[in-house]
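**Student:** Dropping the structure in here first, questions after.
The values are calculated or read from the model by the stated rules, or taken from the named source; none is laboratory data. Predicted model, so just to flag it, every value in this text is computed and none were measured. We place every Cβ from the backbone using ideal geometry, glycine too, and count neighbours over all the protein chains shown. Side chains included, ligands, DNA and RNA excluded: accessible areas come from the protein's heavy atoms. Shrake-Rupley method; radii C 1.70, N 1.55, O 1.52, S 1.80 Å.
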Amino acid sequence: MVRKRLGPAAAGRLPVVYVTVPPRATPKMLAIEFARFLGLPLVRQETQTSITNAVFDLLIKMRVELALVDEIHNLNLATQAGAEASDQLKYLSERIPATFVLAGIDVGASGLFSGVRGQQIAGRYTVTDTEPFAYGTTAQRQNWRNLIASLEDALRLHRHKPGSLVKLDGYLHERTDGAIGSLSQLVRGAALEAIINGSEAVTRKTLETIEVDQTAEDARQEHRRNRRPRRRRPDADAA
């Protein structure tokens, strides 16, 4: 979900802030998440108001333009704490000249748009549904390759051959089912293994040793079953 606000572009600022909504979030917990990202010192006796004001002042001072709030489905508007945390987030988004992006899983079904507070959220944001990268058309495959190339460009391995991961685009899609998180986990794990074993290069052999999340593994097995040729019945030829 995105709520767009234009902020001034200036040097010496912190352009992006990223926080996650903790389980059973309260307004103070949400303020602490922002404070931790910003590196603000915290003491146990500090109140929600003092932390929020410190966060607000620093976000303005650093001229933040993009605030990413992940795990938004952890906001439970049916509870008082969750409702107040929602109010806290609304307060920050209204007072800070930045684009707020809220990300979560099945946010509509989670009740995030229910009730008076939910209607306020729905009235302030647009909803964008996301799906894993597809691999059917030429354009879809090129988008997938571009993503792989961006990850490969970030590798700092001494003997890795540039472009070798892009050539494995079909294999990487099969391993990850087109999910960015699964792809990042796979490439990062292979890069760490390449450093540990001294090869300093990510190859298909290295990638095969890395396990990814169960969702991606299940999808890979499903793809393999679908590709497996069916056995002919003994009486097929006779028929």
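**Student:** Where both partners of a DSSP beta bridge lie in the chain, what percent of those bridges are antiparallel, to the nearest 5?
**Tutor:** 25 percent
**Student:** Please give the length that would be gained between Leu42 and Ala139 if that part of the chain were fully extended, namely 0.36 nm times their separation in residues minus their C-alpha to C-alpha distance (nm, one decimal).
**Tutor:** Using 0.36 nm per residue and subtracting the Cα-Cα distance, I get 30.1 nm.
**Student:** Under 13 Å Cα to Cα from Lys167, which aspartates and glutamates show up? Leave out anything in the same chain fewer than 8 places away.
**Tutor:** Glu152
**Student:** Still on this model: In Å, the Kirkwood hydrodynamic radius of segment 52-165 over pairs of distinct alpha carbons?
**Tutor:** One decimal place: 17.3 Å for the Kirkwood radius.
**Student:** Let me ask something else. Could you give the nm distance between label points at Asn197 and Glu217, where each point is 7 Å from its Cα heading toward the beta carbon?
**Tutor:** It works out to 1.9 nm between the two label points.
**Student:** For the chain, what is the charge dipole size about the Cα centre, in debye to the nearest 20, if Lys and Arg each add +1 at the Cβ and Asp and Glu each add -1 at the Cβ?
**Tutor:** Dipole about the Cα centre, nearest 20: 460 debye.
**Student:** Here's a follow-up. Counting alpha carbon pairs within less than 8 Å and at least 6 residues apart, what relative contact order, in whole percent, applies to segment 94-238?
**Tutor:** 18 percent
**Student:** Additional query: Note the angle between two axes, namely the Cα long axis of helix 27-38 and the longest principal axis of the Cα atoms of the chain, as a number of degrees from 0 to 90, rounded to the nearest 10.
**Tutor:** For 27-38 against the chain, the angle is about 70 degrees.
**Student:** Same structure, new question: If the reach is capped at under 29 angstrom between alpha carbons, list the lysines near Lys90, excluding any in the same chain fewer than eight residues apart.
**Tutor:** Lys4, Lys28, Lys61
**Student:** Given H placed 1.01 Å from N in the peptide plane, which residues other than close sequence neighbours of Thr99 have an amide H under 5 Å from its amide H?
**Tutor:** Arg5, Leu66, Ala67
**Student:** For the full complex of protein chains and a 1.4 angstrom probe, list Lys161, Lys167, Lys90 by accessible area with the highest value first.
**Tutor:** Lys167, Lys161, Lys90
**Student:** Given the DSSP H assignment, sum -39500 (n - 2.57) over each helix run of at least 4 residues in the chain and divide by its residue total; what's the result at 222 nm in deg cm²/dmol, nearest 500?
**Tutor:** Helix contribution divided over all residues of the chain: -14500 deg cm²/dmol.
**Student:** In addition: What does the accessible area of Asp129 come to, in Å² to the nearest 10, when a probe of 1.4 Å is used?
**Tutor:** So the heavy atoms of Asp129 present about 130 Å² to solvent.
**Student:** Pick the calculated log10 I(q)/I(0) by the Debye sum over Cα atoms at q = 0.10 Å⁻¹ for this structure from [x] -0.67; [y] -0.45; [z] -0.50?
**Tutor:** Calculated log10 I(q)/I(0) by the Debye sum over Cα atoms at q = 0.10 Å⁻¹: the matching label is [x].
**Student:** Local charge sum around Gly104 (other residues, Cβ-Cβ under 13 Å, Lys/Arg +1, Asp/Glu -1)?
**Tutor:** Net local charge, Gly104 excluded: -4.
**Student:** Right, next: Once you charge only the Cβ atoms, +1 for Lys and Arg and -1 for Asp and Glu, what is the size of the charge dipole of segment 53-184 about its Cα centre, to the nearest 20 debye?
**Tutor:** The calculated dipole for segment 53-184 is roughly 500 debye.
**Student:** Can you give the FRET efficiency for Asp106 and Asn226, using 1/(1 + (r/R0)^6), R0 = 30 Å, r = Cβ-Cβ distance, to the nearest 0.05?
**Tutor:** 0.70
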